Structures are given as C-alpha cells and as structure tokens.
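These notes concern the structure reproduced below.
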Amino acid sequence: MRVLYRSRQSRRRGAPVVYEQAGPTRWCCAEMCRWWGVIIGFGVRGHDASTSRDVNLYRYLPQANGRVIVEVVPIQNCPWCGEVIEPCREK
C-alpha cells in the first residue's frame, strides 16, 4: 500500500516542515478502507498537515478533566492483511 504525501515549508523562520497527504489513497484491503480516517490514517487525525509523515494508529486517551487526547503510533504494516505501508513523497 502506498500513501502519497508532500512537504510544505512554513514561511516563519525556524518553523518545522509539515507534511500533508497528496491524492487519493489506494487501500490494500477492505478493512483498511473501512477504518481509514477513524482509527488509522496519515499524520494526525483531524489535521490536514502535521509534522508526522507516517501512517499512524490513533489511540484515544481520556483525561481527568473529561477531555480526550489522541496518541499516534506509527505503523509499517497493515494490521489486517499485513501488507507493507509505504509513505512516498510526491515531487
């Protein structure tokens, strides 16, 4: 499975490079298609661009104040079919 991304340099001096998904995703299996954007996806859930250029699993952690934060865990293989996930930079 390949996920295309592009990098974008911020105009602010010293700001980190951010990455965003480029183009549609070709999923490796039906389960990946079903859960993409829900518990798995490129970068950080809910953000078009992030400093992560990996495909991540999203883990939801409840906090004492009632809010929930999202932890991202990078993965290299599909959790359902085992195919290699390859993030590729679009030029």
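The values are calculated or read from the model by the stated rules, or taken from the named source; none is laboratory data. Fair warning: this is a prediction, and the values are worked out from it, not measured in the lab. FYI the Cβ positions are ideal-geometry reconstructions off the backbone, even for glycines, and counts take in every protein chain you see.
Figures for the structure shown
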item	result
Residue list for segment 49-70, restricted to those being under 11 Å from the mean Cα position of the chain (by Cα) and not in a loop (DSSP other than H, G, I, E, B)	49, 50, 55, 56, 57, 58
Residue among 45, 11 that is in contact with a strand residue (DSSP E or B) (Cβ under 6 Å, 6 or more places away or on another chain) and assigned to a loop (DSSP other than H, G, I, E, B)	45
Residue under evaluation residue 43, criteria (1) on the phi > 0 side of the Ramachandran plot; (2) surrounded by fewer than 12 Cβ atoms within 10 Å (Cβ to Cβ); (3) not hydroxyl-bearing (Ser, Thr, Tyr), criterion not met	(2)
Counted residues, segment 28-42 - those being within 11 Å of the chain's Cα centre (by Cα) and not in a strand (DSSP E or B)	3
Only listed residue being out of contact with any Gly (no Cβ under 6 Å at 6 or more places or on another chain), under 23 Å from residue 34 (Cβ atoms) and of a type in the set (Lys, Arg), chosen from 53, 89, 59	59
Residues that are more than 12 Å from the chain's Cα centre (by Cα), touching a residue at least 24 places away in the same chain (Cβ under 8 Å) and in a strand (DSSP E or B), drawn from segment 71-90	84, 88, 89
Top-ranked residue of segment 54-85 - restricted to ones that are at pLDDT 90 or above and in contact with a Phe, Trp or Tyr (Cβ under 7 Å, 6 or more places away or on another chain), ranked as surrounded by the fewest Cβ atoms within 10 Å (Cβ to Cβ)	68
